[in-house]
Amino acid sequence: MAFKDPFATAQTYGQSQAVAYDAGLRAYMLRIYNFMASGLALTGIVALFTANSSAMQALLYAQNAQGMVVPSGLGYLVMFAPLGIVLWLSFGLNRISAGFAQGLFWAYSVMMGLSLSSIFLMYTGESIARTFFVTAGTFGAMSLYGYTTKKDLSSWGSFLIMGLIGLIIASLVNLFLQSSALAFATSVIGVLIFVGLTAYDTQKIKAMYYQLGSTGELAAKMAIMGALNLYMDFINIFLHLLRFMGERR
């Protein structure tokens, strides 16, 4: 009678489990990337449609007493709506269903499309397309780094958040100063911050998978939040790059 080596059996079982687990992780990440890409596509379609619709432009923008084009009341509502949706998802995720969270993600993508329609009026289509592809390459490289690196990026979190707060303050100050040098500096720093956040958020999504798996209501909602975080990283890299790569009309 032959006996099997129990250690070899355990090792083989462990390897098969690891392969299955890794395949599950890849499927989970692909689901999030597809979700994020769908949101970006929806944003682009809405932005392009709005920029080419005189009726939509009349709803979102108006002329002030000095003849300058400024957001209308509806335009300001659309501008701040994405922030409201992000806060709703961030603080109310435990009280809503995965389906409702997904609906909020699509609403966020539409609101962002309406908000970003102005870039098609400010910059040439060629420079927007060029900046988009540079953004896609940068985002892809950093997300891949966050997915594959063995280095713990959790220490980046507090540093990047502090940098983001400083960036927001500097941007608000520059609304009054109108300094081109400060605007350029915030654009460069903004790219660096959101490039770092791309790797950090990707690794955080990976860690969340190891905690929750890919099934269940909570896992589905966290996948939506992961897609939203990566979406915001991509959009912010794109917008900051556009400020010094875009060619104005």
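The values are calculated or read from the model by the stated rules, or taken from the named source; none is laboratory data. Just so it is clear, the model here is predicted, and its values are computed rather than measured. Glycine also receives a Cβ, built like all others from the backbone with ideal geometry; neighbour counts cover every protein chain displayed.
Restricting attention to the range 204-235, and to residues there that are polar (S, T, N, Q) and modelled with pLDDT under 95, which single residue is nearest to T135 (Cα to Cα)? Checking each candidate, the answer is S214. Pairs are defined by a Cβ separation below 7 Å, a sequence spacing of at least 6 or placement on different chains, a first member in the range 53-77 that is modelled with pLDDT under 90, and a second member that is loosely packed, with under 10 Cβ neighbours inside 10 Å; the pairs so defined are V70/N64. Looking across the range 172-209 at every residue that is farther than 21 Å from I235 by Cβ and in contact (Cβ under 8 Å) with a residue 24 or more places away in the chain, the one that is surrounded by the fewest Cβ atoms within 10 Å (Cβ to Cβ) is identified as K206.
Residues in the range 189-238 that are more than 13 Å from the chain's Cα centre (by Cα) and of a type in the set (S, T, Y): Y209, Y210, S214, T215. For the range 232-248, check the following and say yes or no: at least one residue is among the charged types (D, E, K, R), surrounded by 15 or more Cβ atoms within 10 Å (Cβ to Cβ) and more than 27 Å from Q102 (Cβ to Cβ). The answer is yes, given that some residue of the range 232-248 is among the charged types (D, E, K, R), surrounded by 15 or more Cβ atoms within 10 Å (Cβ to Cβ) and more than 27 Å from Q102 (Cβ to Cβ). When residues in the range 123-140 are screened for being surrounded by 13 or more Cβ atoms within 10 Å (Cβ to Cβ) and either modelled with pLDDT of 95 or more or not small (G, A, S) (or both), 12 of them pass. Would you please name the residue that is surrounded by the most Cβ atoms within 10 Å (Cβ to Cβ), looking only at residues in the range 155-171 that are in contact (Cβ under 8 Å) with a residue 40 or more places away in the chain and more than 13 Å from G190 (Cα to Cα)? Of everything passing the filter in the range 155-171, W156 is surrounded by the most Cβ atoms within 10 Å (Cβ to Cβ).
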